[in-house]
1. For the chain, what are Rg and Dmax over the alpha carbons, in angstrom?
2. Sort the following peptides by mean Cβ neighbour count (other Cβ atoms within 10 Å, averaged over residues), highest first: 69-79, 122-132.
3. How would you classify segment 316-418 from its alpha-carbon gyration tensor, with a ≥ b ≥ c the square roots of the eigenvalues: rounded for a/c under 1.5, else prolate if a/b is greater than b/c, otherwise oblate?
4. Run through the DSSP bridge list for segment 202-417 and note the antiparallel percent, rounded to the nearest 5.
5. Once you order the gyration tensor axes a ≥ b ≥ c over the Cα atoms, which shape class does segment 7-191 get: rounded for a/c under 1.5, otherwise prolate or oblate by comparing a/b with b/c?
6. Given H placed on each backbone N at 1.01 Å, which residues far from G257 in sequence or on other chains put an amide H within less than 5 Å of it?
7. Mind checking the dipole of the chain: about its Cα centre, +1 per Lys or Arg Cβ, -1 per Asp or Glu Cβ, Debye to the nearest 20?
8. Sorted by packing (mean other beta-carbon atoms within 10 Å per residue), highest first, where do 105-116, 322-333, 86-97 land?
Amino acid sequence: MTDQPSTAAASSEGKRPRVVLGVGGGIAAYKACELLRRLTESGHDVTVVPTAAALNFVGAATWSALSGKPVAADVWTSVHEVPHVRIGQTADLVIVAPATADLLGKAAHGLADDLLTNTLLTARCPVVFAPAMHTEMWEHAATQANVATVRERGAVVVEPAVGRLTGKDTGKGRLPDPEELFELATEVLARGVAEPDLAGRHVVVSAGGTREYLDPVRFLGNRSSGLQGYALARAAAARGAEVTLIAANVTLPDPAGVKVIRVVSTGELRDQVVAAAALADSVVMAAAPADFRPVGVSDTKIKKADDGSSPTIELTQNPDILAEISAHRARDGQVIVGFAAETGDGSGSVMDHARAKLARKGCDLLVVNDVSGGAVFGSPDNEAVILGADGAAVDVPHGSKSALAHVIWDQVASRLSG
Ligand code: CTP
């Protein structure tokens, strides 16, 4: 991580983190309103700096009302406060959403003809660009060269999402979901810009909980939210990896720049994980697969019997995906990570069960959560011990799932490079 101002530092001094939200002139400007709301509601001090073109899409009154501050696009408003220098100099983070092709071009070439481009030149904090434009504009050699230039200088440029664009067309170029941009912004504020130590690596992460249907409306499932798996995918993407996220029944927005494959059952999860693992440097099984499935699935809704008797549901065991991919490694040096949610009992402590599971599954690392209180599911926080097949044991104190994700990738990265 680079040595950047952080939320932690700002809050320990009792200051609200100062965020500049730059808004470019694209239709996705309306989505930046939601990002602004999330930032202000979570205690950030946000100054919105739209371009003149952005004000054609969303007016100054909206930005001003939502941020609680005056808003200007030019450098001639309140000149006595020298805003073209002060706003950038005092920021803890600048996030530009949406970043248009024009703005990326200006940033790459150091042009400064309005307040936002001046701010980009005076900011010494982390800068995040979230581009949104039509696919052709994104793929154009000029845009790609500008993106490469600003990345080389240390800015984060989020890959646009794939989906419906302004007109009837679809493709790469959508602004990622505002909630996802919020997660990214808080992550960069807390940890600075991640070092690209996973660049050139392909990693696979599974997330969520699988469902095994009994009939068209009922299923056996579990309480996994997918938050930890999504945090892992986001962290790996931030560290430069190509990420495939296999998500079982997760309702969270897609992490920016991550390929998401959706599955329902353990059988589908198994097939997708095995296929993706063939090309992966690392596989992290953060999903909670259902261990059993009904022997038969009814095509029609199972009705209550007239005589009041209860149906008997016969179950059969699902494949153990982690054990399978660990036993049949697709590549030499592949690092495989499992999770274990354990409680102690009469036959052993949490760690006794965890060590036995690590040996049984045959993976390289096992992230062990003590779930005696049932506290992990759906919570934004986590604490764990990471056990290594090589005997390592790393304690990760209580913190965000994102912080745990980064410690896991630290462990993976050191094994990949070793
Ligand atoms: N796992 C898997 N396939 C399964 C079940 C679990 O790949 N059918 C993976 C999980 O993704 C997790 C690890 O195995 O990374 C441990 O999950 P857990 O449910 O604790 O393992 P189980 O083998 O089901 O052990 P237990 O009998 O303790 O439930």
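Rule-based calculations on the coordinates, nothing more; no lab input. Every value quoted in this text rests on a predicted model; they were computed, and no experiment measured them. Glycine gets a Cβ as well: all are built from the backbone with ideal geometry, and neighbour counts include every protein chain shown.
1. Cα radius of gyration and Dmax of the chain are 23.9, 85 Å respectively.
2. Top of the packing list down: 122-132, 69-79.
3. oblate
4. 35
5. Rounded is the answer for segment 7-191, as its axis ratio a/c remains below 1.5.
6. Distant-sequence amide H within range of G257: E159.
7. The calculation lands at about 440 debye.
8. Sorting 105-116, 322-333, 86-97 by mean packing, highest first, produces 86-97, 105-116, 322-333.
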